[in-house]
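Visitor: My structure is below; once you've seen it, I'll send some questions.
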Amino acid sequence: MDKQTEGSAMVGRRSQSVYDNKRGIIMGYLAPGEDLLTGLKKVCQEHQVIAGTINCIGSLSHVSIIQLDYEDDHIFYTNPTHWDTPVELLSGHGVLGKKENGELDIHFHGVFVDHRKTINGGHFLEGTNTVAITIEYTIYVTDEIQPVRKFDESTGFTLFNFYNKSDVQ
């Protein structure tokens, strides 16, 4: 694990991010022990960002996902599947927006490989995906577009809808 010096005491690596306001890009990393989605939300809150997309790579010590399933012409999500061994996050992507109540939300999917070289992936759940070594990410911020997640009666799922920011209160 990387170490950094703070005064004379050695401390573990801490999450770090930098915001290029001119281009609307945040780059950084999450430190070991942080939750993937909670950590990304914290970065967005620190930089006062409420809309955009996220790309990342890295490693996780624990993973929980749900996956799309299909039976009798009915689409649904599985119960959560958990991995309690480290995995390499090969590719993670998400949409950053708001829930109807205004709370920050991330819809995140990823592909990972475990120590047996088995590739898997799906929809990641908040609070259950712990960084092992690092997660390096890029957040592309939107200024004029606001995704808002709402229940869609036609599909039966809560989905992002996209609005001009001036049209959203």
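The values are calculated or read from the model by the stated rules, or taken from the named source; none is laboratory data. Please read these numbers as outputs of a predicted model, since none were measured by experiment. When we count neighbours, we look across all protein chains shown, and the Cβ atoms used for this are built from the backbone with ideal geometry, even at glycine. SASA here: full protein model, heavy atoms, side chains in, ligands and nucleic acids out. Shrake-Rupley method; radii C 1.70, N 1.55, O 1.52, S 1.80 Å.
Visitor: Tell me which residues, restricted to the range 18-42, are among the hydroxyl-bearing types (S, T, Y) and assigned to a strand (DSSP E or B).
Guide: If the condition is that a residue be among the hydroxyl-bearing types (S, T, Y) and assigned to a strand (DSSP E or B), then Y19, Y29 are the ones that fit.
Visitor: In addition: Within the bounds of the range 69-81, is there any residue that is within 19 Å of the chain's Cα centre (by Cα) and of a type in the set (A, V, I, L, M, F, W, C)?
Guide: Looking for residues that are within 19 Å of the chain's Cα centre (by Cα) and of a type in the set (A, V, I, L, M, F, W, C), one finds none in the range 69-81, hence no.
Visitor: Quick check, is I66 within 16 Å of the chain's Cα centre (by Cα), over 15 Å from D35 (Cβ atoms) and not hydroxyl-bearing (S, T, Y)?
Guide: Yes.
Visitor: Name the residue, out of Y70, Y77, that is open to solvent by 90 Å² or more (accessible area, probe 1.4 Å) and out of contact with any Gly (no Cβ under 7 Å at 6 or more places or on another chain).
Guide: It is Y70.
Visitor: Another one. Go over the candidates D105, D167, D114 one by one and state the one that is open to solvent by less than 70 Å² (accessible area, probe 1.4 Å), free of Cβ contacts under 8 Å to residues at least 40 places away in the same chain and charged (D, E, K, R).
Guide: So the residue among D105, D167, D114 that is open to solvent by less than 70 Å² (accessible area, probe 1.4 Å), free of Cβ contacts under 8 Å to residues at least 40 places away in the same chain and charged (D, E, K, R) is D114.
Visitor: So in the range 27-41, with the set limited to residues that are more than 13 Å from the chain's Cα centre (by Cα) and hydrophobic (A, V, I, L, M, F, W, C), which one is most open to solvent (accessible area, probe 1.4 Å)?
Guide: M27
Visitor: I'd like to check something: does the range 131-144 contain any residue that is within 19 Å of the chain's Cα centre (by Cα) and over 20 Å from S17 (Cβ atoms)?
Guide: Within the range 131-144, not a single residue is within 19 Å of the chain's Cα centre (by Cα) and over 20 Å from S17 (Cβ atoms).
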